[in-house]
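The values are calculated or read from the model by the stated rules, or taken from the named source; none is laboratory data. These numbers were taken from a predicted model, which means no experiment stands behind them. Neighbour counts are summed over all protein chains in view; Cβ atoms, including those assigned to glycine, are modelled from backbone coordinates with ideal geometry. Ligands, DNA and RNA are excluded from the accessible area calculation, which covers all protein heavy atoms including side chains. Shrake-Rupley method; radii C 1.70, N 1.55, O 1.52, S 1.80 Å.
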Amino acid sequence: MRALLLSLIGMVAMGQSPDCSISPGFVQDGKVRQFDTETLYEYMNGNSEGYFLYGFKSMTGITCKKGGVTLIADISTFPSPELAYGMFTGNLDPRLPTEKIGAGGQVTPRKVLFVKGQFLGEIAAEPEGEYTALLRAAAVEFEKKISGTTEIPMELGWFPKERLQAGSPRLVPQSVLGLRILKRGYLAQYDEGKSFVVTEDSPASATALFAKLKERFPGGTTAQVGDEGYATEDRYLGKMCLFRKGKRVAGFTNAPPSGDAAQRATQLAARIP
């Protein structure tokens with residue numbers, strides 16, 4: 001059964017697998033690596049949980065060598081471009097810029113990370129040293145071998161940019177704002193507060209979710225935002241304004257005492273189609 005499963009993973013990865021031609025002069029060292037949800041833990045030395053949060057399905061990898069330099073290239077498959085991009089943004093260094101490699105990429109001296117379609121590509125270099133140019137060139141070639149969209153999730157464009165912190169917005173795969181009822185959505189961190197958007201299956205399910213939020217945070221008042229709005233305060237989420245627009249539940253939280261959460265929520269609502 002294990003052999004059959006790995007064979008199927010290899011078939012799925014055909015045309016999406018890394019090979020050493022991504023960097024001139026490098027040759028393959030060892031066999032192609034293949035991992036699934038049961039075996040990734042071993043390869044990641046126990047650090048696989050982050051992958052599973054975004055629905056990780058499989059990984060295919062290869063090791064390439066040239067002289068004393070080793071490149072370790074892996075490609076992971078996720079259920080959708082949204083989840084792959086979420087994994088990408090969840091692993092970015094917010095202090096560093098991103099680049100247009102596929103739908104997005106980030107290059108550091110020893111590792112490059114990029115996303116395209118439902119695939120996340122990673123290339124690491126050994127031993128310790130400065131490999132930025134080498135890794136960038138390898139990632140550009142690697143990306144050409146992968147099919148899929150280079151568009152970013154449309155939700156990222158809904159959040160106002162003013163005073164938006166680096167690394168935001170990002171996809172939170174579960175418990176947005178630490179609330180279990182907000183199962184998955186986008187969160188943006190601002191200098192003063194947070195915005196979020198959760199998409200439900202239908203306006204009806206969004207209405208039911210919004211009603212649960214009002215029960216969770218009682219004592220508020222009606223706000224003229226979206227299709228229905230609600231302003232209140234909470235010990236942990238501070239001043240906030242929540243709203244529903246169509247099948248989406250969103251809002252602004254943690255506004256400072258002098259801040260206007262309703263105004264910030266209105267700005268967000270205006271950008272949501």
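Return the only residue of Ala223, Ala231, Ala262, Ala206 being crowded, with 18+ Cβ neighbours inside 10 Å, closer than 30 Å to Asn91 by Cα and of a type outside the set (Asp, Glu). Please lay out each step first, then the result.
On the way: Ala223 fails: closer than 30 Å to Asn91 by Cα; Ala231 fails: closer than 30 Å to Asn91 by Cα; Ala262 fails: closer than 30 Å to Asn91 by Cα.
When all the criteria are applied, what remains is Ala206.
Counting only residues that are open to solvent by 20 Å² or more (accessible area, probe 1.4 Å) and within 30 Å of Leu71 (Cβ to Cβ), region 157-172 holds 3 of them.
Number of residues in region 239-259 that are open to solvent by less than 20 Å² (accessible area, probe 1.4 Å) and either of a type outside the set (Gly, Ala, Ser) or over 19 Å from Glu162 (Cβ atoms) (or both): the value is 7. Out of (1) touching a Leu at 6+ places or on another chain (Cβ under 8 Å); (2) part of a loop (DSSP other than H, G, I, E, B), the odd one out for Glu162 is which? Failing condition for Glu162: (1). Among the residues of region 129-143, those that are within 17 Å of Asp74 (Cα to Cα) and either open to solvent by 50 Å² or more (accessible area, probe 1.4 Å) or hydrophobic (A, V, I, L, M, F, W, C) (or both) comprise Leu134, Leu135, Arg136, Ala137, Ala138, Ala139, Val140, Glu141, Phe142. Selection of region 112-128 for residues being over 18 Å from the mean Cα position of the chain (by Cα) and free of Cβ contacts under 8 Å to residues at least 40 places away in the same chain yields only Glu128.
Among what's in region 96-128 and is in contact with a Lys or Arg (Cβ under 6 Å, 6 or more places away or on another chain) and among the hydrophobic types (A, V, I, L, M, F, W, C), pick the residue that is surrounded by the fewest Cβ atoms within 10 Å (Cβ to Cβ). Break it down into steps so the answer makes sense when it comes.
As a first pass, look at region 96-128 and keep what is in contact with a Lys or Arg (Cβ under 6 Å, 6 or more places away or on another chain): 102-103, 107, 124-125.
This time we only want the ones that are among the hydrophobic types (A, V, I, L, M, F, W, C), so: 103, 107, 124-125.
On the way: Ala103: 21, Val107: 24, Ala124: 17, Ala125: 22.
If we take residues in region 96-128 being in contact with a Lys or Arg (Cβ under 6 Å, 6 or more places away or on another chain) and among the hydrophobic types (A, V, I, L, M, F, W, C), then Ala124 is surrounded by the fewest Cβ atoms within 10 Å (Cβ to Cβ).
Just give me the residues in region 30-50 being open to solvent by 30 Å² or more (accessible area, probe 1.4 Å), polar (S, T, N, Q) and under 21 Å from the mean Cα position of the chain (by Cα), in sequence order. Correct list: Thr37, Asn47. I'd like to check something: does region 144-151 contain any residue that is crowded, with 19+ Cβ neighbours inside 10 Å and of a type in the set (Lys, Arg)? Checking region 144-151: not a single residue is crowded, with 19+ Cβ neighbours inside 10 Å and of a type in the set (Lys, Arg). Restricting Asp191, Asp201 to residues that are farther than 16 Å from Phe252 by Cβ and either among the aromatic types (Phe, Trp, Tyr) or open to solvent by 30 Å² or more (accessible area, probe 1.4 Å) (or both) narrows the list to Asp201. Any residue at all in region 70-78 that is open to solvent by 50 Å² or more (accessible area, probe 1.4 Å) and outside any helix (DSSP H, G or I)? Looking through region 70-78, none of the residues is open to solvent by 50 Å² or more (accessible area, probe 1.4 Å) and outside any helix (DSSP H, G or I).
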